[in-house]
1. Residues to consider are LYS417, LYS445, LYS434; find the one that is touching a Cys at 6+ places or on another chain (Cβ under 8 Å) and either of a type outside the set (Gly, Ala, Ser) or at pLDDT 95 or above (or both).
2. Evaluate the stretch 434-454: report whether one residue or more is closer than 30 Å to HIS301 by Cα and aromatic (Phe, Trp, Tyr).
3. Being more than 15 Å from GLU596 (Cα to Cα) and at pLDDT 95 or above is the filter here; which residues of the stretch 547-556 pass it?
4. Which residues, taken from the stretch 623-657, are at negative phi and modelled with pLDDT under 95?
5. In this structure, does ILE361 turn out to be in a helix (DSSP H, G or I), aliphatic (A, V, I, L, M) and more than 25 Å from TYR318 (Cβ to Cβ)?
6. Take the stretch 515-547 and flag every residue that is over 18 Å from ARG652 (Cα atoms), in a helix (DSSP H, G or I) and of a type outside the set (Gly, Ala, Ser).
7. What are the pairs, 6+ residues apart or on separate chains, where a residue within the stretch 222-234 that is closer than 27 Å to MET579 by Cβ has its Cβ under 6 Å from a residue that is of a type in the set (S, T, N, Q) and at pLDDT below 95?
8. Quick check: anything in the stretch 190-206 under 27 Å from ALA118 (Cβ atoms), aromatic (Phe, Trp, Tyr) and exposed (fewer than 13 other Cβ atoms within 10 Å of the Cβ)?
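The values are calculated or read from the model by the stated rules, or taken from the named source; none is laboratory data. Given the structure is predicted, the values throughout are model-derived calculations rather than measurements. All Cβ positions, even for glycine, are placed from backbone atoms using ideal geometry, and neighbour counts span all protein chains on display. Accessible surface areas use protein heavy atoms only, side chains included; no ligands, DNA or RNA. Shrake-Rupley method; radii C 1.70, N 1.55, O 1.52, S 1.80 Å.
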Amino acid sequence: MLHLNRCQHLKQITQKCFPSIHVKTDKHAQLLLLRPFALAELRKSWHSIYSLTGDKNIVLMGPPGAGKTTVGRIIGQKLDCCVIDVDDDILEKTWNMSVSEKLQDVGNEQFLEEEGKAVLNFSASGSVISLTGSNPMHDASMWHLKKNGVIVYLDVPLIDIVSRLKLMKIDRIVGQNSGVSMKDLLKFRRQYYKKWYDTRVFCESGASPEEVADKVLKAVKRYQDVDSETFISTRHIWPEDCEQKVPTKFFSDAVIEGLASDGGLFVPEKEFPKLNWGEWKSLVGATYIERAQILLEKCIHPADVPPAKLGEMIETAYGENFACSKIAPVRHLSGNQFILELFHGPTGSFKDLSLQLMPHIFAHCIPPSCNYMILVATSGDTGSAVLNGFSRLSNSDKQRIAVATFFPENGVSEFQKAQIIGNQQENGWAVGVKSDFDFCQTSIKRIFKDSDFTGFLTVEYGTVLSSANSINWGRLLPQVVYHASAYLDLVSQGFISLGSPVDVCIPTGNFGNILAAVYAKMMGIPIRKFICASNQNHVLTDFIKTGHYDIRERKLAKTFSPAIDILKSSNLERHLHLMANKDGQLMTRLFNQLEEQHHFQIEKILVEKLQQDFAADWCSEGECLAAIHSTYNTSGYILDPHTAVAKVVADRMQDKTCPVIVSSTAHYSKFAPTIMQALKIKEINQISSSQVYLLSSYNALPPPHAALLERTKQPEKMEYQVCAADVSVLKSHVEKLVQNQFI
């Protein structure tokens, strides 16, 4: 769904799409525009309003020394258009004195005001404008420039800026008071650049002005072409008739709809954007938040989420909510093994890395005045993470977005269950289902495909269904960041040089986490092997080894690692679609066969292609406990059961010729009884909260998780709903929740 900020005349566009219907209110218009053919008209309207063709200016913004003037002249020559340098062509001509003389004459604060006034009195069209480094510090003048221009941020490495300013013999810039270093002031100014830009040019260290100019033109072209980055279903079958129109889907649509109408999963129609080595090098010293902003900007078109807004969301998501400032740190375990700690978020699992961000993206993308009910199936960690994430939205967003989490009543750990129930808020509920995760996930997919039911909810209650599982592209995409960030941290810490390969070993159930690592490789991270680690429910391991996905004789086993107790792996469809050159017809056949006959076999050529990148094995319950025990004895580090599964498989499969990054997907506190059994701790009190506190006293690594300890203080008895393993019963629960929230 297209974000409605793209259209300033909602009712007019709606009336154009539906000439026979009298459009009464904005909400009426919103619901009508949910219909696919209306979206094309809406997007076309946005394109016509904000098109960069004609008299729009290209406005170059960045710190002093970013090369704005030189780059601007090169672009002007390429486009054969007027080039305006604010310093030379506006300020000095207005003041009849040099900029440095004016600064000395009036001082910092008055200079910014005088500079802003001069820009406000200036207008241009179809030109390239090079701003001063201080222009973005004056709001009114920037709004003036933004009305008729595309603001391009030249994001040049700080080390390059400082060295260039030294060569230019510039030792003082606007706003620099005594005692403030040039480096600190430049860092301070970044907040102003982030506020205004429409598109960013990420400049690697040492890039020539010609290279930067080419990047600017590509960035502007991308910004201009709002229809360039589309999504398709994994089951999309291309029409034989080339003139037959295919409904166009964008990032916003993929996030809002969650699951494609044909039962497939949304994937980008084009390949992932790829960074060059110079760009990766510039990210080695960056923070997690800075890395996330750069990578996600490249994957999300600014027409869907403007960069400045995306930056706000990222800072909100990964700010105070994470116990570790590095967000997803990498810790050396032993030998060539490294642990990627993905459990520092508020609910103690890797799901927080997505679900602290995804709700903000979702709230931005949906139409105002429409209600959304998010349906989520959880095998343990997703439930609490999604309830926690959506509870942090603004009050106005919580009034129109609600969450229902379905979990296997007896298929998660005691602590996970308490977490899920304890994270219920005014817009989020937990529902225990008397079955397993596969039933929960399959039932939700069936509900989405039931057009009669979804249509009834829309017409009767003005409510649309969506998802927040990793079947939703907006949930999956942020996971790419931590795999890339882990590699960059190894480079930063000196364990490897940039460009050296690594392996990754990931405990895998629904295939989302390991697929995100595949996408990180597509963006340029040199991952050699993806090692899939399974527990006793090793359908994925068997599939990777044989190409035969077979669950006919399998019964889901309850294990110490419940988050990967899964037999139907949803995100595998996305990877097979990628390997099969986007053959939607093949995906439809394979996954319909899985649904109906409970197995499928892929061709030998696809098996060989899969095994080029993937290796797989599984871990028994005894091996899992032994790994937790031995790792603690040798290093003082406590692995959670899922991470222990991955370590066992990594020890067995990895050839030790390059580092292996083992994904630690949860904090051990969530599985206290299993940890105590593994460490042979005898404790009379069997209450989970007491066991968590006991483990926290062991002075082990990683340290106790403060948010999880706080969770144990909640009352043991909390209310939640339980329902039978019947899709019609789940539907009735969904309808009641919609009534309670929105009526």
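1. LYS434
2. Looking through the stretch 434-454, at least one residue is closer than 30 Å to HIS301 by Cα and aromatic (Phe, Trp, Tyr).
3. GLY547, HIS548
4. MET653, GLN654, ASP655, THR657
5. The answer is no for ILE361.
6. Of everything in the stretch 515-547, those that are over 18 Å from ARG652 (Cα atoms), in a helix (DSSP H, G or I) and of a type outside the set (Gly, Ala, Ser) turn out to be LEU515, VAL518, TYR519, LYS521, MET522, VAL539, PHE543, THR546.
7. THR230/THR248
8. No: zero hits.
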